[in-house]
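As structure tokens, the structure follows; a few thoughts come after it.
The values are calculated or read from the model by the stated rules, or taken from the named source; none is laboratory data. Everything quoted here is computed from the prediction, not taken from an experiment. In this analysis, Cβ positions are derived from the backbone assuming ideal geometry, glycine residues included, and neighbour counts consider all displayed protein chains. What goes into the accessible areas is simple: the full protein's heavy atoms, side chains included, and nothing from ligands, DNA or RNA. Shrake-Rupley method; radii C 1.70, N 1.55, O 1.52, S 1.80 Å.
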Amino acid sequence: MNTTPAWTVRAAETADVEPVAELRAVVLRPDLERLGRYDEDRVRRRLRDAFSTRWTSIVLVDGVFAGSVTVRPAEQGGRLLEHFYLAPQHQGRGLGSAVLRRALAEADAAGDPVRLDVLQGSPARRLYERHGFVLEAEDPIDVHLFRPPVTSPAAVRLQDRALLRSIGELRAREVVEAACEALVAGLDTPALRMLAACTYGEAEACVADLLPPALAELGLVFHPLDSRSGEAAGLVALAGRLLTGELTPRELADAVHRRYGHESEAAETLAQLDDDYGVLEYIHRTEGEVDAEVWAEARRLTAHTAHTAPVALVVP
């Protein structure tokens with residue numbers, strides 16, 4: 001088994017631009033060629049044009065150049081992580097995760113969300129998703145990922161309620177209730193106070209208008225009702241409702257099947273298990289056996305969510 005090598009970082013210097021540009025060309029070449037976008041000159045020039053010694057750190061293994069990572073302020077607020085490259089001989093040994101955890105820990109300490117872009121089809125996307133990044137948007141070339149800061153249980157619950165609302169699984173009044181809980185827990189921002197002050201009769205209008213700024217003020221992500229990004233994140237939030245005892249396995253499978261059908265690859269396992277519940281006598285399975293598979297799939301879906309705040313799990 002590979003072990004993570006001893007590593008350090010130092011601030012970038014002007015002389016580092018060429019080694020980083022060369023490493024970028026090597027690391028990105030397979031994905032850029034697959035997408036028909038590789039250009040020997042452009043892949044290096046784009047790094048040179050954007051290189052900043054102020055925001056870039058150089059990764060060293062045994063004192064020797066091994067990679068780079070840039071973390072700069074994002075235009076939308078929070079931080080933008082880019083130019084994260086490791087030499088091929090240092091990949092697959094846990095170094096990428098270690099460097100990424102360091103960058104994310106600094107962002108969490110400041111309460112900053114983090115954004116990054118990854119090329120479509122790149123295996124690097126799995127690394128980022130394991131560390132809590134979720135899909136924000138995508139195009140034929142780039143996938144735009146977002147990670148909210150690790151935060152308080154009350155903010156985590158508000159985020160989950162907002163996600164479930166975005167896929168139509170919760171009423172607006174339940175989002176208002178989560179805002180009230182967040183306020184009582186000590187979170188206090190102008191939009192959150194206004195959202196928590198809404199009556200149930202005002203809830204629909206309040207949530208539509210106030211939820212986006214309330215989440216933004218807390219460094220959380222907003223997914224509009226029935227949005228594509230909300231669909232993906234909402235599946236994870238639905239799975240989390242089983243782990244917290246809000247849904248039974250059969251109710252989770254039914255909710256996912258109703259919401260996603262068999263159209264979503266991510267939801268297909270739960271949708272198929274919902275079908276299995278209806279034909280148990282014909283497939284010679286017990287409800288308990290299907291329940292166990294639903295539990296396993298829910299745990300898999302929620303294993304790498306961004307927040308680590310403690311929750312009360314209900315384990316069968």
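Look through VAL20, VAL26 and report the one residue that is part of a helix (DSSP H, G or I) and open to solvent by less than 30 Å² (accessible area, probe 1.4 Å).
Numbers: VAL26 fails: open to solvent by less than 30 Å² (accessible area, probe 1.4 Å).
After applying the criteria, what remains is VAL20.
Look at VAL176 and say whether it is at pLDDT 90 or above, surrounded by 15 or more Cβ atoms within 10 Å (Cβ to Cβ), β-branched (Val, Ile, Thr) and over 30 Å from ARG34 (Cα atoms).
For VAL176, the condition - at pLDDT 90 or above, surrounded by 15 or more Cβ atoms within 10 Å (Cβ to Cβ), β-branched (Val, Ile, Thr) and over 30 Å from ARG34 (Cα atoms) - is met.
List the residue pairs whose Cβ atoms are under 6 Å apart, where the first residue sits in segment 74-92 and is touching a residue at least 12 places away in the same chain (Cβ under 8 Å), the second is crowded, with 19+ Cβ neighbours inside 10 Å and part of a loop (DSSP other than H, G, I, E, B), and the two are 6 or more positions apart or on different chains.
Listed by first residue and then by second, the contacts come to GLY78/ASP112; GLY78/PRO113; ARG79/ASP112.
Among the candidates GLY230, GLY186, GLY201, which residue alone is exposed (fewer than 15 other Cβ atoms within 10 Å of the Cβ), of a type outside the set (S, T, N, Q) and at pLDDT below 90?
GLY186 is the lone residue from the list that is exposed (fewer than 15 other Cβ atoms within 10 Å of the Cβ), of a type outside the set (S, T, N, Q) and at pLDDT below 90.
Looking at segment 73-93, is at least one residue among the basic types (Lys, Arg), at pLDDT 90 or above and either closer than 15 Å to THR56 by Cβ or open to solvent by 30 Å² or more (accessible area, probe 1.4 Å) (or both)? Break it down stepwise before answering.
Of all residues in segment 73-93, those among the basic types (Lys, Arg) come to 79, 93.
Those still in the list that are at pLDDT 90 or above too: 79.
From the residues that got through so far, the ones that are either closer than 15 Å to THR56 by Cβ or open to solvent by 30 Å² or more (accessible area, probe 1.4 Å) (or both) too are 79.
For segment 73-93, residues among the basic types (Lys, Arg), at pLDDT 90 or above and either closer than 15 Å to THR56 by Cβ or open to solvent by 30 Å² or more (accessible area, probe 1.4 Å) (or both): present.
Within segment 29-41, which residues are surrounded by 13 or more Cβ atoms within 10 Å (Cβ to Cβ) and either out of contact with any helix residue (DSSP H, G or I) (no Cβ under 6 Å at 6 or more places or on another chain) or of a type in the set (Gly, Ala, Ser) (or both)?
Hits for segment 29-41 are ARG29, PRO30, ASP31, LEU32, ARG34, LEU35, ARG37.
Scanning for something farther than 26 Å from LEU225 by Cα and at pLDDT 90 or above, does segment 296-306 turn up at least one residue?
Scanning segment 296-306 turns up at least one residue that is farther than 26 Å from LEU225 by Cα and at pLDDT 90 or above.
Out of all the residues in segment 100-116, is one or more on the phi < 0 side of the Ramachandran plot and touching an Asp or Glu at 6+ places or on another chain (Cβ under 8 Å)?
yes
Give the residues of segment 62-119 that are assigned to a loop (DSSP other than H, G, I, E, B), out of contact with any Phe, Trp or Tyr (no Cβ under 9 Å at 6 or more places or on another chain) and either of a type in the set (A, V, I, L, M, F, W, C) or over 23 Å from LEU23 (Cα atoms) (or both), sorted by residue number. Walk me through it before giving the result.
So the first thing to find is which residues in segment 62-119 are assigned to a loop (DSSP other than H, G, I, E, B), and the list is 62-63, 74-78, 87, 91-94, 111-113.
Narrowing the set further to residues that are out of contact with any Phe, Trp or Tyr (no Cβ under 9 Å at 6 or more places or on another chain) leaves 63, 74-77, 91-94, 111-112.
Within segment 62-119, ALA74, GLU75, GLN76, GLY77, GLY111, ASP112 qualify.
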